[in-house]
């Protein structure tokens with residue numbers, strides 16, 4: 001059907017339809033409209049004659065409507081009134097549009113505008129300013145700022161951005177310190193047990209772990225043995241065993257070093273060096289295990305010395321190694337001696353002193369062809385033992401420090417070498433041993449063990465564990481320190497604890513056993529744990545400022561080192577004594593680095609003043625450390641002139657400060673023997 005109505009000629013006269021015309025005229029208009037609609041319905045077309053007109057000469061012209069609308073009753077209306085608009089769920093048609101069927105609900109801080117939720121501006125601007133694009137801007141004269149500043153958002157700010165260093169933040173145009181927050185760490189070395197037996201002051205020299213039966217042997221003032229099957233619950237099997245010697249001595253000796261027979265593990269051999277209290281000896285021991293059927297897990301050892309012990313004139317016995325039926329013993333200035341044992345007596349079959357200086361320890365290579373000697377200050381030596389009756393020195397090299405103890409793993413020798421620390425040497429060619437690495441272990445390295453790619457080092461103050469998978473570059477795993485409470489008169493118990501003096505260490509997998517002057521300990525090693533380790537110089541127990549007049553100020557420093565594997569945060573340092581102050585209350589120290597804590601003392605009297613210095617850090621082993629500060633110390637001390645002092649020397653001569661040391665650098669020291 002053609003609905004494009006152009007013009008229709010009616011046979012009746014028309015007049016305008018609408019208000020203000022007589023009814024007859026409105027009737028005529030309606031007739032015309034009806035004719036138009038009928039024409040559309042019938043599909044009529046316009047006349048070919050563009051000038052076609054009715055009898056009255058009137059032409060009816062069709063109404064043309066825009067897009068989206070159609071002519072209805074002579075008017076253009078939305079096409080949706082002809083074809084209904086279809087809206088989605090939750091919407092209805094209104095005025096040709098789909099709108100929500102329910103009123104729009106807007107949240108707090110927004111309002112409905114044109115069917116959407118938009119933010120309500122809540123900015124409140126002060127006097128002389130108005131909101132523009134969400135900011136308060138001046139409506140009056142522009143803000144005048146001082147030199148180096150510019151107006152910004154209604155205030156004066158620095159013209160140039162301030163760049164602050166590490167540990168500071170910009171505040172009001174200045175760089176101010178940021179209060180440091182401690183980290184959270186888990187120690188790589190965790191104590192399992194402190195094994196206290198019959199004696200709490202054992203003065204342990206060596207600990208040895210035997211893998212075959214999980215026994216821990218302890219050489220000290222006594223010989224003792226523990227069942228270490230469960231390192232967290234070690235059990236004493238034998239204690240308080242001392243040796244009988246032909247010479248006798250003021251105190252019956254325990255042992256310094258030990259080893260056991262490869263053929264019969266119930267036979268052990270022990271030595272003790274000579275000193276003022278104890279006789280020196282080489283002895284053998286036998287033991288029988290006795291068990292109560294009602295308590296099969298609580299067996300005890302019946303240990304008996306095979307007498308007599310060996311004592312040779314002028315000989316001091318030290319480290320030993322049982323290998324291939326022979327007992328190799330380091331005998332200090334007399335070099336190396338080799339013995340056999342027939343179950344009752346020792347027989348020396350060979351020795352060598354030429355080319356050796358002060359032999360402390362010996363270990364036989366797995367080939368059985370040569371031995372490696374820890375030769376004190378002279379370094380290390382390799383000795384040909386293919387003929388045990390005629391050993392010869394193959395090579396001798398210095399390694400630094402004082403080589404005291406050695407262990408072997410294949411062709412790699414690990415030395416505890418005093419001040420030099422851990423020294424690792426390649427002995428694959430015994431004619432030309434080569435130092436692979438030297439690693440500092442603060443303190444004095446006096447004991448060592450190796451197992452499963454780890455080196456365990458006892459260094460008097462601390463015990464260290466290293467990853468030595470690459471012996472040319474040992475990597476620290478962690479360290480631990482044992483301390484004891486040492487009371488002093490008049491200090492109210494505030495003085496810091498003392499190091500427990502660690503001499504012996506043994507390792508097996510991730511287990512570590514430590515022996516100090518007091519008692520044995522067990523630990524578990526967690527190589528994956530990274531943590532800081534705060535180290536203070538041994539002078540921390542008595543930091544002296546020297547003499548000062550009342551009101552005068554003296555200064556001192558205390559070095560804080562991070563010897564761990566993660567950054568150390570010292571977040572608080574203070575003293576409860578107001579005479580002492582700290583200039584560096586908090587600091588962060590990277591691994592391997594240090595900071596000198598700056599301390600001041602302002603004298604409030606001429607008498608001695610002292611007090612603790614507390615150091616809080618995120619060291620997981622010892623988060624609180626204590627140092628001891630002293631001002632106006634009476635007697636000999638910092639900045640105090642040396643008074644006349646005399647003494648008797650061990651060689652029988654006398655010594656006088658004014659006669660023998662005045663004007664010279666003098667070291668005063670004490671010596672303890674054990």
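In terms of the Cα gyration tensor, with a ≥ b ≥ c the square roots of its eigenvalues, is the range 363-417 rounded because a/c is under 1.5, prolate because a/b exceeds b/c, or oblate? Walk me through the numbers before you get to the answer.
Working: a/c = 2.52, a/b = 1.47, b/c = 1.71.
Here the range 363-417 falls in the oblate category.
How large is the Rg to Rh ratio of the range 260-313 when both quantities use alpha carbon positions and Rh follows Kirkwood? Each step should come with its number before you reach the end.
Values: Rg = 14.9 Å, Rh = 13.1 Å.
Rg/Rh for the range 260-313 comes to 1.14.
Hey, what's the Cα Rg ratio for the range 235-385 versus the globular rule of thumb, 2.2 N^0.38 Å?
Details: Rg = 16.5 Å, N = 151, 2.2 N^0.38 = 14.8 Å.
That works out to 1.11 for the range 235-385.
In terms of packing, defined here as the mean over residues of other Cβ atoms within 10 angstrom, the peptides 661-667, 495-501, 330-336 line up highest first as 330-336, 495-501, 661-667. For the range 535-642, dividing the convex hull volume of the Cα atoms by the residue count gives 90 Å³ per residue. With N the number of residues in the range 550-594, Rg(Cα) / (2.2 N^0.38 Å) evaluates to 1.42. Across the range 401-526, the volume of the C-alpha convex hull divided among the residues equals 105 Å³ per residue. State the percent of C-alpha pairs, over all pairs in the range 191-529, separated by a distance greater than 33 angstrom. Counting every Cα pair in the range 191-529, those more than 33 Å apart make up 24 percent.
Spacing of the modelled spin labels on residue 198 and residue 262, each 7 Å from Cα toward Cβ, amounts to 3.4 nm. Rg and Dmax of the range 464-536, both derived from C-alpha coordinates alone, stand at 15.4, 51 Å. For the range 516-581, taking Cα atoms only, Rg and Dmax work out to 17.6, 53 Å respectively.
Taken together, the values in this text are just the output of simple stated rules run on the coordinates, not laboratory data. This structure is a prediction, so every number in the text was calculated from the model and none was measured. As a convention, Cβ positions derive from the backbone with ideal geometry for all residues, glycine included, and neighbour counts pool all protein chains shown.
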